[in-house]
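Input: a single structure, listed below in structure tokens.
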Amino acid sequence: MSPRVKATAKSGRTAEVVIPEKLYFRIGEVARLCRLPAYVLRFWETEFPQLKPVKSSTGQRMYRHKDVENVLHIKKLLYEEGFTIAGARQQIRSEVKGDKKQSPLPFPGRSPADLQRIRQGLREILTMLSARH
């Protein structure tokens, strides 16, 4: 089941955004999901160190699930809560400092469903790599 993240629409009402179960998202997909122009995402990459999509061998930005969650969180801070960019950056920094527990390594105890999802993600990567030849 995909996690649901609350995001604010222009009307000011909070709406849920369902992030699909994929390993990587292209910038256009993230822009549509988050209802933001791609240039805003590229700008935010320069302003928020937490937002670091990996780049494919062709230079395409590939956002991970956590990156999409970060985009939605940044959007909420800026558009709903009225933070400036510097203020949002500071807020995120303070949230990270407040969470001092280290999360466990993701490898032990994977369920069959998790392993299936990982396999599917690896197949998607293989398909993307094969398509460029």
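The values are calculated or read from the model by the stated rules, or taken from the named source; none is laboratory data. It should be emphasised that the depicted structure is a prediction, and the values quoted were computed from it without experimental measurement. With ideal geometry, Cβ positions are generated from the backbone for all residues, glycine too; neighbour counts draw on all protein chains shown.
Let's see how each residue does on (1) among the β-branched types (Val, Ile, Thr); (2) at pLDDT 80 or above; (3) surrounded by 12 or more Cβ atoms within 10 Å (Cβ to Cβ); (4) in a helix (DSSP H, G or I):
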{"position": "11", "(1), (2), (3), (4)": "no, no, no, no"}
{"position": "28", "(1), (2), (3), (4)": "no, yes, yes, yes"}
{"position": "41", "(1), (2), (3), (4)": "no, yes, yes, yes"}
{"position": "45", "(1), (2), (3), (4)": "no, yes, yes, yes"}
{"position": "50", "(1), (2), (3), (4)": "no, yes, yes, no"}
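Per the conditions (1) modelled with pLDDT of 90 or more; (2) more than 24 Å from residue 33 (Cβ to Cβ); (3) loosely packed, with under 10 Cβ neighbours inside 10 Å, the sole criterion not satisfied by residue 87 is (3). Is it the case that the stretch 58-69 has a residue that's outside any loop (DSSP other than H, G, I, E, B), of a type in the set (Ser, Thr, Tyr) and more than 15 Å from the chain's Cα centre (by Cα)? Scanning the stretch 58-69 turns up no residue that is outside any loop (DSSP other than H, G, I, E, B), of a type in the set (Ser, Thr, Tyr) and more than 15 Å from the chain's Cα centre (by Cα).
Results for (1) surrounded by 15 or more Cβ atoms within 10 Å (Cβ to Cβ); (2) in contact with a strand residue (DSSP E or B) (Cβ under 7 Å, 6 or more places away or on another chain); (3) modelled with pLDDT of 90 or more; (4) in a helix (DSSP H, G or I), shown as yes or no for each residue.
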{"residue": "5", "(1), (2), (3), (4)": "yes, yes, no, no"}
{"residue": "20", "(1), (2), (3), (4)": "no, no, no, no"}
{"residue": "25", "(1), (2), (3), (4)": "yes, yes, yes, no"}
{"residue": "32", "(1), (2), (3), (4)": "no, no, yes, yes"}
{"residue": "36", "(1), (2), (3), (4)": "yes, no, yes, no"}
{"residue": "72", "(1), (2), (3), (4)": "yes, yes, yes, yes"}
{"residue": "79", "(1), (2), (3), (4)": "yes, yes, yes, yes"}
{"residue": "93", "(1), (2), (3), (4)": "no, no, no, yes"}
{"residue": "96", "(1), (2), (3), (4)": "no, no, no, yes"}
